[in-house]
Amino acid sequence: MSTGSIIIKPIEAKLERNVASFSKMNPYCIAKLGALELKGKVCKNGGTRPVWAEAFVFSLRSNEDCFLEIKDKDMLTSDSTLGVCRIDIKELQEKGTVNKWYKLYYKKKEVGEVELEATYTDQEYTSRVIVYPQPKRPKQPEEQPQAPQVDKTIKVREHFPRPEELAPKGENGNELEIL
């Protein structure tokens, strides 16, 4: 039986499965180790490119694998699963820290990926979720609605005619006499 702790930090995800009909998705993570399940904070309006600033800490009691599930928080219906990945505890114990993109699956199909920093330590910590201040991120170009391009340039004449240039001219170029 293994002892120690693992720390799982979801950083960001690239989701291909979009379940929001009328607005952007609100993704959140659930980390599972055996019967223990820890739920993270919702990335409001995270859409298909959510970012998180949290860590899931588990005290190891067995050789069970850890799973990270990403769900969409929905106010009207039950939350939808967007994808699940498996974190290999043996790999963590061998390497100490792993920072990589894990493939997400839903109904045996690949539906995106999530970047995780996972760490194993010999120290035993209490299982819990640690939340950090949410990082600021620029809006993703694929999620910004594209407004039509309108030319707002004002055309300015370089030369404004003087009043004498506006006076009507006769056939010989002289000013016309107005009767």
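Check Val111: other-chain or 5+ apart residues with amide H under 5 Å from its amide H, H built from backbone geometry?
Distant-sequence amide H within range of Val111: Leu104, Tyr105, Tyr106.
Starting from the Cα of Thr77, step 7 Å along the direction of its Cβ; do the same at Leu36; then give the gap between the two resulting points in nm.
Taking the two extended label points, one gets 3.4 nm.
Only counting other Cβ atoms within 10 Å, I'd like Thr48, Thr77, Thr3 sorted with the fewest neighbours first.
Thr77, Thr3, Thr48
Take the alpha-carbon positions of the stretch 5-136, form their convex hull, and give its projected area averaged over all directions (one quarter of the hull surface) in nm².
Over every viewing direction, the Cα hull of the stretch 5-136 projects on average to 8.1 nm².
7 Å from Cα along Cα→Cβ at both Val98 and Asp65: what's the point-to-point distance in nm?
Between Val98 and Asp65, the simple spin-label model gives 1.0 nm.
Laboratory data are not the source of any read-out in this text; all were calculated from the coordinates shown. Just so we're clear, the structure is a prediction, and the values are computed from it rather than from any experiment. With ideal geometry, Cβ positions are generated from the backbone for all residues, glycine too; neighbour counts draw on all protein chains shown.
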